[in-house]
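The structure appears right after this line, and notes come after that.
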Amino acid sequence: MRKVFLSLVITLLLLAIPVGYGLSNAQVAGWNKYEGNPIMFYGPPGSWDDFNVYAVDVMFFDKNNADPADDEYYMWYSGTSFTRNSKDIGFATSKDGINWSRYVGNPVIRNGDFGYWDYERINAPTVLYDRQEGVWKMWYAGYSSYFAGFGIGYATSSNAINWQKYPTNAVTPALVFEATGIADDFDGYSVFSPEVLKINGKYHMWYAGNGGRFAGNQIGYAYSDDGIHWTRYTKPGTDIAEPVLPVGGPGAWDEGETVSPSVIQVGDTLFMYYQGSNIDQTLTGIGRAWSTDGGKTWTKDPNNPLLRGSGAGAWDFNRLYYPSATVNNRGELYLWFHARSRNSDLTPFKLGLAFGENATPIPPTATPTLAPGVTPSPTPSDPGFIMLPIIQRQ
Ligand SMILES: [Ca+2]
Ligand SMILES: [Ca+2]
């Protein structure tokens with residue numbers, strides 16, 4: 001009876017919130033990294049993700065029936081290949097958040113053709129399932145040197161796998177959010193690493209911006225009625241958009257940058273997990289902040305950073321990047337990130353997982369049941385460091 005009741009409560013929660021969150025204890029402060037990290041790394045040689053896997057967005061997807069056994073983690077992740085010279089976005093599924101099955105048709109969305117705003121790379125997806133419309137919605141960062149820096153694009157899907165860039169009826173996909181182009185603005189040069197939530201029918205985006213006199217990244221906020229037309233938030237009494245989560249003061253762990261927000265809703269409170277770095281980037285960790293006014297004003301946790309690298313010799317050395325937090329149907333908070341063993345662009349990024357303090361770590365399971373159309377890719381042994389072939393772009 002208790003289980004039936006719990007399922008009912010979870011189902012009601014999921015009906016009430018577009019993407020369901022039911023965190024059992026909002027005061028999660030401590031973290032345990034999964035002992036088996038890294039949980040995912042590059043694909044087989046010649047594959048679309050044969051070098052880096054990084055900048056992921058993970059969702060715990062309840063198919064919205066009473067059976068918790070049909071629920072899965074869905075991951076959209078950024079991948080790069082040196083053999084293909086490509087930078088695209090792929091999809092993977094998992095029953096436990098640890099053992100992942102890559103979709104056999106990856107990548108599910110590619111960088112644009114020559115001349116497009118997202119020609120050179122796309123990455124950092126944020127995905128939500130709009131239950132009212134029955135549509136999957138993705139925002140992602142794209143880059144082409146024709147533009148000054150990164151911009152943010154939009155795509156939709158009926159099945160989480162086949163994506164159409166916006167606008168779907170035009171030859172040239174458009175970006176939906178871009179840098180202001182004003183030299184002094186904190187996001188005058190580049191906007192990237194979006195995180196979008198739909199709350200009470202409105203869209204909210206936290207994103208990183210770059211520009212102005214400060215060299216680092218900082219997190220800003222914009223809002224929208226349709227997910228396509230965005231308005232930058234300006235603080236009352238000003239007409240200039242400023243970061244809502246600025247860097248810390250001199251000596252702070254995040255004095256160098258705040259970037260890569262991941263936001264979850266717990267009741268009326270928003271929790272943001274974000275990447276911060278010191279000024280010389282010898283420490284990059286993951287901190288959190290909370291907001292009770294819908295994401296405009298944030299309070300940083302005084303215990304930040306909550307997660308940091310494991311030190312020299314470890315796979316995640318001294319920099320942890322790009323958190324993606326989600327809550328499963330047991331109310332447990334899981335957080336994925338990427339890291340590498342050396343601060344060298346020749347060393348690939350891999351994915352790690354951490355459990356919130358009150359989440360019960362679960363042991364790895366046998367090969368998970370695969371969703372229709374999803375097959376696992378072979379996992380190569382991990383040499384930790386690979387030499388790159390030099391590939392000339394045609
Ligand atoms: Ca995200
Ligand atoms: Ca279910």
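The values are calculated or read from the model by the stated rules, or taken from the named source; none is laboratory data. Predicted, not measured: the structure shown is a model, and the values here were computed from it. Cβ placement follows ideal geometry from the backbone for every residue including glycine, while neighbour counts extend to all protein chains displayed.
Values for this structure:
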{"item": "Among (1) touching a Leu at 6+ places or on another chain (Cβ under 9 Å); (2) on the phi > 0 side of the Ramachandran plot, the one test that Gly313 misses", "result": "(1)"}
{"item": "Residue selected from segment 190-246 under the condition of a type in the set (Ser, Thr, Tyr), in contact (Cβ under 8 Å) with a residue 60 or more places away in the chain and farther than 20 Å from Ser78 by Cβ, by the criterion nearest to ligand 2 (Cβ to nearest atom)", "result": "Tyr221"}
{"item": "Residues that are within 16 Å of ligand 1 (Cβ to nearest atom) and free of Cβ contacts under 8 Å to residues at least 24 places away in the same chain, drawn from segment 112-122", "result": "none"}
{"item": "Leading residue by the ranking (nearest to ligand 2 (Cβ to nearest atom)) among those in segment 257-281 that are under 20 Å from Asp316 (Cβ atoms) and at pLDDT below 95", "result": "Gln281"}
{"item": "Residue ID - nearest to Gly294 (Cα to Cα), chosen from residues in segment 188-239 that are among the charged types (D, E, K, R) and modelled with pLDDT under 95", "result": "Lys235"}
{"item": "Candidate set from segment 92-111 (those that are surrounded by fewer than 19 Cβ atoms within 10 Å (Cβ to Cβ) and over 26 Å from Ala354 (Cα atoms)); member that is farthest from ligand 1 (Cβ to nearest atom)", "result": "Val104"}
{"item": "Residue in segment 83-91 that is of a type outside the set (Ser, Thr, Tyr), buried (at least 24 other Cβ atoms within 10 Å of the Cβ), under 17 Å from Gly112 (Cα atoms) and within 16 Å of ligand 1 (Cβ to nearest atom) present", "result": "yes"}
{"item": "Residues being within 16 Å of ligand 1 (Cβ to nearest atom) and either surrounded by 23 or more Cβ atoms within 10 Å (Cβ to Cβ) or over 16 Å from Val327 (Cβ atoms) (or both) - total across segment 46-60", "result": "6"}
{"item": "Residues being under 20 Å from Ser193 (Cα atoms) and either among the polar types (S, T, N, Q) or assigned to a loop (DSSP other than H, G, I, E, B) (or both) - total across segment 52-80", "result": "3"}
{"item": "Segment 100-124, residues that are part of a strand (DSSP E or B) and charged (D, E, K, R)", "result": "Arg102, Arg121"}
{"item": "Residue within segment 186-194 that is out of contact with any strand residue (DSSP E or B) (no Cβ under 7 Å at 6 or more places or on another chain) and either over 29 Å from Lys165 (Cα atoms) or β-branched (Val, Ile, Thr) (or both) present", "result": "no"}
{"item": "Test: Thr156 is within 16 Å of ligand 1 (Cβ to nearest atom), under 21 Å from Tyr74 (Cβ atoms) and either hydroxyl-bearing (Ser, Thr, Tyr) or part of a loop (DSSP other than H, G, I, E, B) (or both)", "result": "no"}
{"item": "Breaking point among (1) modelled with pLDDT under 95; (2) closer than 20 Å to Met40 by Cβ; (3) within 16 Å of ligand 2 (Cβ to nearest atom); (4) small (Gly, Ala, Ser), for Ser86", "result": "(3)"}
{"item": "Selection from segment 123-166 of residues that are touching a residue at least 40 places away in the same chain (Cβ under 8 Å), among the hydrophobic types (A, V, I, L, M, F, W, C) and away from ligand 2 (no atom under 16 Å from the Cβ)", "result": "Ala124, Val127, Leu128, Met138, Trp139, Ala141, Ala148, Phe150, Ile152, Ala155, Ile161, Trp163"}
{"item": "Long-range neighbours under 7 Å by Cβ, at least six apart or interchain, first residue over 19 Å from Gly331 (Cβ atoms) and aromatic (Phe, Trp, Tyr) within segment 50-72, second in a strand (DSSP E or B) and away from ligand 1 (no atom under 13 Å from the Cβ)", "result": "Phe51/Thr80; Phe51/Ser81"}
{"item": "Of all residues making up segment 125-146, the number that are farther than 24 Å from Tyr189 by Cβ and outside any strand (DSSP E or B)", "result": "4"}
{"item": "Out of Ser78, Ser7, Ser24, sole residue that is modelled with pLDDT under 95, of a type outside the set (Phe, Trp, Tyr) and more than 15 Å from ligand 2 (Cβ to nearest atom)", "result": "Ser24"}
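Matching residues to (1) touching a Ser or Thr at 6+ places or on another chain (Cβ under 8 Å); (2) within 18 Å of Ser324 (Cβ to Cβ):
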position: Lys87; (1), (2): yes, no
position: Ala92; (1), (2): yes, yes
position: Asp113; (1), (2): no, no
position: Tyr119; (1), (2): yes, no
position: Ala124; (1), (2): yes, yes
position: Glu133; (1), (2): no, no
position: Ser144; (1), (2): no, no
position: Gly153; (1), (2): no, no
